[in-house]
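Participant: Here it is, the structure, as structure tokens.
The values are calculated or read from the model by the stated rules, or taken from the named source; none is laboratory data. Note that the structure is a prediction, hence the values are computed from the model and not measured. For neighbour counting, all protein chains shown are included, and Cβ atoms are generated from backbone atoms with ideal geometry for every residue, glycine included. Protein only, heavy atoms only, side chains kept; ligands, DNA and RNA dropped before computing areas. Shrake-Rupley method; radii C 1.70, N 1.55, O 1.52, S 1.80 Å.
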Amino acid sequence: METIRFEDLELDAKIMRAITDMGFEAASPIQGQAIPLELQGLDIIGQAQTGTGKTAAFGIPLLQKIDPKNKKPQAIILCPTRELAIQVSEEIRRLAKYMHGVKVLPIYGGQEIGRQIRSLKDGVQVIIGTPGRVMDHMRRKTVKMDQIHTVVLDEADEMLNMGFLEDMETILSALPEERQTLMFSATMPQAIQRIATNFQKDPQIVRVVKKELTVPKVTQYYYEVKPKNKLEVMCRLLDLYDPKLSVVFCNTKKQVDELVQGLQGRGYFAEGLHGDLKQEQRDRVMRAFRTGRTDILVATDVAARGIDVDDVEAVFNYDVPQDDEYYVHRIGRTGRAGREGKAFNLVVGKEVYKLREIQRYCKTRIIPQAIPSLDDVTSIKADKILDQVGEVLQDSDLSKVIDIVEKRVLEEDYTTLDLAAALLKMMMGEEGEELLEENRPLRELEDLEDESRRSRGGRNGRGSRGRNEDVARLFINIGKNQGIRPGDILGAIAGESGMPGRMVGSIDMFDNYTFVEVPREHADVVLQAMRGAKIKGKNVHMEKANRK
Ligand code: AMP
């Protein structure tokens, strides 16, 4: 696996500074391939999906071409959903942090248009918009297209799924001939290839060529968590499984530092490994890990290369990796030399789709798990201590100690059972003491347990992948008579729930209602997201269809 450093890509110093702040250690595979071509001004078709670093893959070269003195729009990025438009503009803003005078604005349906018009008038160079709203501004002449030199179609296949083909074509036709056109898409259906033929000039295809990967035989789990609960869940897993040595992977140097701090603050022996460390520091960290002085090594992908430690019992993906190959390399750090290993993935929101992709591509199974509750952690800890007690009982002559205990129990008014319970509590340490307290409903923990219940529920619904039982049929009280097209429904579901449109199954439209199929495991999320949603300005109600 070749590593491409950002330093080798001849980037603008201001952008380099922003990248350093973001804590990126190296270019992701798609960035390593796309950026050099884009910097030459070539059109590209990038086959990449969310989570691969694709936003920066087009954002960095695009920003490099922006003239901060020219206040007119110079680049436009089209996205299928409001959510993605916001996400992309946040990432581009972070990259443009030191580029004074560069303004980035998301424009999407649902937001008051007057406000957008005012912001556009103030001068915006990079626009990130959903096709419908961009067309709206074009009609009103509130977006001037004559200085646009770069256009990006982000998640082009999703835009197609959502019925934006015509809009995309209209917008592309309205742009200056002399421009760079970058298209990113997870899949390459024919309509996408047609757009490439009609609107791109000799596009270069960029995709990460996948090698045959052998997935090590490691039991793999994943947990759906909220970002603010990641550290807590990580600690619970460490407590519950108590691995002798663990390697924890993060995607950025910054995250490595933050996590190490968080773990150390909670009393774990953790140390970090990333590219900013000097050789002697790395050697020290590795020595400590090998000898077991630190039992948790937190690392980036690049830094973890070449780590060769045999008895790593668990790998944690604190961040979902950006590439399938990284995943396989990461989990290969455990389960070596015939030992059993475990891999744990913490997954936030839409990252679950990335993980599914990894699962599909690597032909492996990543088992969904409920977040361990505090009671699980407490009872496992207690069991461990009691197991040790059992060994002591078997192997030692305890008569003298029994005398001491007996004497004390006779003097005091507690029983040997009380005494054993108190000793157990003491043995469980400070943390055990906290865990045993009643009334500990910290809000954050309540959230966690909610999530835990949800994922338990979700787990029961899985298991028979690929069969019809995996699909839930949902009913919506809107249909053809209300002037609705399947694309509108697909768009609303994808836009509101964040589930990729390609995961929506058949859409059966009738005059006044519609049935839509979605993967059963996402049905509840979709229903919840659609609560209170509007389609083409109409309130809709969605529920499970009456069919088992
Ligand atoms: P994307 O695929 O664009 O949705 O990016 C997914 C996440 O990866 C975002 O949080 C980015 O900030 C992050 N990211 C992008 N490039 C890199 C990189 N080279 N190293 C680490 N993280 C990155």
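Participant: Kindly indicate the residue of the range 519-548 that is assigned to a loop (DSSP other than H, G, I, E, B) and among the aliphatic types (A, V, I, L, M) and also nearest to the chain's Cα centre (by Cα) among those meeting that condition. Give the derivation first.
Facilitator: So in the range 519-548, the residues assigned to a loop (DSSP other than H, G, I, E, B) come out as 531-533, 536-537, 540-541, 545-548.
When the remaining residues are screened for being among the aliphatic types (A, V, I, L, M), the result is 533, 540, 545.
Numbers: A533: 25, V540: 30, A545: 31 Å.
Per the stated criteria, the residue is A533.
Participant: When you go through G292, G306 one by one, which is the residue that is on the phi > 0 side of the Ramachandran plot and modelled with pLDDT under 85?
Facilitator: G306
Participant: Something else about it: Give just the number: which of (1) within 28 Å of E351 (Cβ to Cβ); (2) away from the ligand (no atom under 16 Å from the Cβ); (3) surrounded by fewer than 19 Cβ atoms within 10 Å (Cβ to Cβ); (4) among the aliphatic types (A, V, I, L, M) does I127 not satisfy?
Facilitator: I127 satisfies every listed condition except (3).
Participant: Which residue out of K534, K544 is among the basic types (K, R), modelled with pLDDT of 85 or more and closer than 18 Å to Y108 by Cβ?
Facilitator: On the way: K544 fails: closer than 18 Å to Y108 by Cβ.
It is K534.
Participant: Just checking, which of I507, I535 is buried (at least 16 other Cβ atoms within 10 Å of the Cβ) and either touching a strand residue (DSSP E or B) at 6+ places or on another chain (Cβ under 7 Å) or in the same structural domain as A156 (by TED's automatic domain parsing) (or both)?
Facilitator: Numbers: I535 fails: either touching a strand residue (DSSP E or B) at 6+ places or on another chain (Cβ under 7 Å) or in the same structural domain as A156 (by TED's automatic domain parsing) (or both).
Matching residue, one of I507, I535: I507.
Participant: Take the range 326-350 and flag every residue that is farther than 23 Å from E83 by Cα and within 16 Å of the ligand (Cβ to nearest atom). Show your work before the answer.
Facilitator: To start, the set of residues in the range 326-350 that are farther than 23 Å from E83 by Cα comprises 326-345.
Passing the criteria: Y326, Y327, H329, R330, N345.
Participant: Quick one: would you say E91 is of a type in the set (D, E, K, R), closer than 24 Å to Y353 by Cα and within 16 Å of the ligand (Cβ to nearest atom)? First the steps, then the outcome.
Facilitator: Working: of a type in the set (D, E, K, R): yes; closer than 24 Å to Y353 by Cα: yes; within 16 Å of the ligand (Cβ to nearest atom): yes.
Yes; evaluated as a whole, the condition is true for this residue.
Participant: Something else about it: If you take the residues in the range 462-480 that are part of a helix (DSSP H, G or I) and modelled with pLDDT under 85, which one is least open to solvent (accessible area, probe 1.4 Å)?
Facilitator: Residues of the range 462-480 part of a helix (DSSP H, G or I): 468-470, 480.
Checking the rest, the ones that are also modelled with pLDDT under 85 come to 468-470.
Details: N468: 133, E469: 99, D470: 34 Å².
By that ranking, first place goes to D470.
Participant: Which helices (runs of 4 or more DSSP H) sit wholly inside the range 233-309 and have at least 3 residues that are in contact (Cβ under 8 Å) with a residue 60 or more places away in the chain and within 16 Å of the ligand (Cβ to nearest atom)?
Facilitator: On the way: elements: 253-265, 279-290, 301-304.
Ranges flagged: 253-265, 301-304.
Yes/no per residue for (1) outside the structural domain of R94 (by TED's automatic domain parsing); (2) farther than 23 Å from E325 by Cα; (3) open to solvent by less than 10 Å² (accessible area, probe 1.4 Å); (4) in a helix (DSSP H, G or I):
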residue: T20; (1), (2), (3), (4): no, yes, no, yes
residue: Q33; (1), (2), (3), (4): no, no, no, yes
residue: E38; (1), (2), (3), (4): no, yes, yes, yes
residue: I45; (1), (2), (3), (4): no, no, no, no
residue: F58; (1), (2), (3), (4): no, no, yes, yes
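Participant: Among (1) open to solvent by 10 Å² or more (accessible area, probe 1.4 Å); (2) closer than 23 Å to D202 by Cα, there is one condition R140 misses while meeting the rest; what is its number?
Facilitator: R140 satisfies all of (1) open to solvent by 10 Å² or more (accessible area, probe 1.4 Å); (2) closer than 23 Å to D202 by Cα except (2).
Participant: Name every residue in the range 55-88 that is modelled with pLDDT of 95 or more and within 12 Å of the ligand (Cβ to nearest atom), in order of residue number.
Facilitator: Passing the criteria: T55, A56, A57, F58, G59, I60, I77, C79, V88.
Participant: Can you pull out the residues in the range 22-31 that are in contact (Cβ under 8 Å) with a residue 60 or more places away in the chain and either open to solvent by less than 40 Å² (accessible area, probe 1.4 Å) or away from the ligand (no atom under 14 Å from the Cβ) (or both)?
Facilitator: Step one: of the range 22-31, the residues in contact (Cβ under 8 Å) with a residue 60 or more places away in the chain are 22-26, 28-30.
Hits for the range 22-31 are M22, G23, E25, A26, S28, P29, I30.
Participant: Select from the range 310-325 the residues that are within 16 Å of the ligand (Cβ to nearest atom) and either among the hydrophobic types (A, V, I, L, M, F, W, C) or in contact with a Phe, Trp or Tyr (Cβ under 8 Å, 6 or more places away or on another chain) (or both) and list them in ascending order.
Facilitator: We begin by selecting, within the range 310-325, every residue within 16 Å of the ligand (Cβ to nearest atom); these are 317-325.
Listed by number, the residues that qualify are N317, Y318, D319, V320, P321, D324.
Participant: Consider K226 carefully, then state whether it is under 20 Å from P500 (Cα atoms), open to solvent by 20 Å² or more (accessible area, probe 1.4 Å), among the basic types (K, R) and in contact (Cβ under 8 Å) with a residue 24 or more places away in the chain. Working first, answer last.
Facilitator: Details: under 20 Å from P500 (Cα atoms): yes; open to solvent by 20 Å² or more (accessible area, probe 1.4 Å): yes; among the basic types (K, R): yes; in contact (Cβ under 8 Å) with a residue 24 or more places away in the chain: yes.
In short, yes.
Participant: Further question: Filter the range 330-343 for residues that are within 18 Å of Y221 (Cβ to Cβ) and open to solvent by 10 Å² or more (accessible area, probe 1.4 Å) and give the result. Give the steps one after another, and end with the answer.
Facilitator: Looking only at the range 330-343, we keep the residues that are within 18 Å of Y221 (Cβ to Cβ), and these are 330-335, 339-343.
Within the range 330-343, G332, R333, G335, R339, E340, K342 meet the criteria.
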